[in-house]
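Only one structure is covered here, and it is reproduced in the block below.
The values are calculated or read from the model by the stated rules, or taken from the named source; none is laboratory data. Values in this document were obtained by computation on a predicted structure and should not be read as measured data. In this analysis, Cβ positions are derived from the backbone assuming ideal geometry, glycine residues included, and neighbour counts consider all displayed protein chains.
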Amino acid sequence: MQQWLQDFAHRIDMNVWTFLVAGLLAICIAWLTISYQAVKAARSNPIKALRYE
């Protein structure tokens, strides 16, 4: 695998920080989305939801 990758003209060095930052960013976006949906559901009026069912 290393020999095959060395044949490419353009190479970049990937470090572990890139993956850690991307993972942390994905977790933060997921947490914010879930929090927003939970607050929106908690503040809604259940009577209105039951009326349409």
Return yes when TRP31 is at pLDDT 85 or above, surrounded by fewer than 10 Cβ atoms within 10 Å (Cβ to Cβ) and among the aromatic types (Phe, Trp, Tyr) and no when it is not.
no
Residues to consider are ALA49, ALA41; find the one that is surrounded by 10 or more Cβ atoms within 10 Å (Cβ to Cβ) and either at pLDDT 85 or above or in contact with a strand residue (DSSP E or B) (Cβ under 8 Å, 6 or more places away or on another chain) (or both).
ALA41
Being within 30 Å of the chain's Cα centre (by Cα) and surrounded by fewer than 10 Cβ atoms within 10 Å (Cβ to Cβ) is the filter here, so list the residues in segment 2-21 that pass it.
LEU5, HIS10, ARG11, ILE12, ASP13, MET14, ASN15, VAL16, TRP17
